[in-house]
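Enquirer: Mind looking over this structure? Questions follow.
The values are calculated or read from the model by the stated rules, or taken from the named source; none is laboratory data. In this text, all values refer to a predicted model and were calculated from it rather than measured experimentally. Every residue, glycine as well, gets a Cβ built from its backbone with ideal geometry; the counts of neighbours run over all protein chains shown.
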Amino acid sequence: MSRLDQSRPFLPCHIAVLTVSDTRTLANDTSGDTLAARITAAGHIVAERTIERDDANLIETLLRGWIANPTIDVIITTGGTGITGRDVTPEAFTRVLEKTIEGFGELFRMLSYQKIGTSTIQSRAIGGVAGGTYLFALPGSTGAVKDAWDDILVWQLDNRHRPCNLVELMPRLQEHLKAAS
C-alpha cells in the first residue's frame, strides 16, 4: 500500500516529543523512549523531549513555545488522550490548532480497532497544524505509539512517500499569512 520513491532524497524532520503524565519520568517513560527510538531509526531528529504533567495550561504553554520555534517541524505527544478526569491533551491541542487533521484520528482508531477491538472508543488521538507545525497526540501506551508511528506517521513524515505526504506540504502551511500581507 505505502511506497517510497527512492529517486527522491530523504528530508529529515525535526520532531519534538512530549510525554504527558503525572507519574512518568525520563527513567521510566517507555512510550516516549519507543517513540524517540523510532523517530531516530527513521532518519529524523528528536529536536526536543520532555515530560509534562496532565495540566491543559502547562501543555498549551509548552506546545505554543515549540510551535513558535522555527527549528521544530513536528510535535508528537504521548499520553493524556483518554477519557479520565486527568486526560486533557486533546483540550490543550484544540486551544492551539489552526486546522485539525481529522483523518489522523480516524485512521488511528481504525487501525487500533483491529488490535484492541471496541476499547478503541476510549482514544481521543488527534492531529492538526498550527504555525506551520504538525501536531499529533497519541495515547500513552507503548503499543499505541508503535501503531501510530509504524502504520501512519513514519509514512506521512517521509517526503519520498507516494502518492503524497505531509512533508511536501510544509512549505505551504502558512500560505494564508502571505496572502493576508
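Enquirer: Within the range 12-28, restricting attention to residues that are in a loop (DSSP other than H, G, I, E, B) and of a type in the set (Val, Ile, Thr), which residue is nearest to HIS44 (Cα to Cα)?
Expert: The extreme case among them is THR25.
Enquirer: Next question, about the same structure. Among what's in the range 28-46 and is touching a helix residue (DSSP H, G or I) at 6+ places or on another chain (Cβ under 6 Å) and among the small types (Gly, Ala, Ser), pick the residue that is surrounded by the fewest Cβ atoms within 10 Å (Cβ to Cβ).
Expert: Only one residue fits best here, namely ALA42.
Enquirer: For the range 60-75, state whether one or more residues are more than 13 Å from the chain's Cα centre (by Cα), in a helix (DSSP H, G or I), modelled with pLDDT of 95 or more and within 18 Å of ASP29 (Cβ to Cβ).
Expert: There is at least one residue in the range 60-75 that is more than 13 Å from the chain's Cα centre (by Cα), in a helix (DSSP H, G or I), modelled with pLDDT of 95 or more and within 18 Å of ASP29 (Cβ to Cβ).
Enquirer: Moving on to the next point. So, in the range 112-140, exactly how many residues are over 19 Å from ILE83 (Cα atoms) and surrounded by fewer than 17 Cβ atoms within 10 Å (Cβ to Cβ)?
Expert: Count: 2.
Enquirer: Then there's this: Select from the range 1-32 the residues that are among the acidic types (Asp, Glu) and under 24 Å from THR84 (Cα atoms) and list them in ascending order.
Expert: ASP22, ASP29 - these are the residues of the range 1-32 that are among the acidic types (Asp, Glu) and under 24 Å from THR84 (Cα atoms).
Enquirer: While we're on this one: Filter the range 10-27 down to the residues that are out of contact with any strand residue (DSSP E or B) (no Cβ under 7 Å at 6 or more places or on another chain) and modelled with pLDDT of 95 or more, then identify the one that is surrounded by the fewest Cβ atoms within 10 Å (Cβ to Cβ).
Expert: The residue in question is PHE10.
Enquirer: State which residue is nearest to THR23 (Cα to Cα) when the search covers only the range 70-93 and only residues that are polar (S, T, N, Q) and out of contact with any Ser or Thr (no Cβ under 8 Å at 6 or more places or on another chain).
Expert: Within the range 70-93, the match that is nearest to THR23 (Cα to Cα) is THR84.
Enquirer: Still on this structure, please answer the following. If ARG86 satisfies every condition in (1) surrounded by 15 or more Cβ atoms within 10 Å (Cβ to Cβ); (2) part of a loop (DSSP other than H, G, I, E, B) but one, which is the exception?
Expert: (1)
Enquirer: Whether any residue in the range 139-162 is of a type outside the set (Gly, Ala, Ser) and under 20 Å from VAL96 (Cα atoms) is what I want to check.
Expert: yes
Enquirer: I would also like to ask the following. Quick check on the range 47-66: of everything there that is of a type in the set (A, V, I, L, M) and over 17 Å from LEU157 (Cβ atoms), which residue is surrounded by the fewest Cβ atoms within 10 Å (Cβ to Cβ)?
Expert: LEU58
Enquirer: Now for a different question. Within the range 49-76, work out how many residues are over 13 Å from LEU135 (Cβ atoms) and touching a strand residue (DSSP E or B) at 6+ places or on another chain (Cβ under 7 Å).
Expert: 7
Enquirer: Looking at the range 28-38, can you tell me whether even one residue there is farther than 17 Å from VAL145 by Cα and at pLDDT 95 or above?
Expert: no
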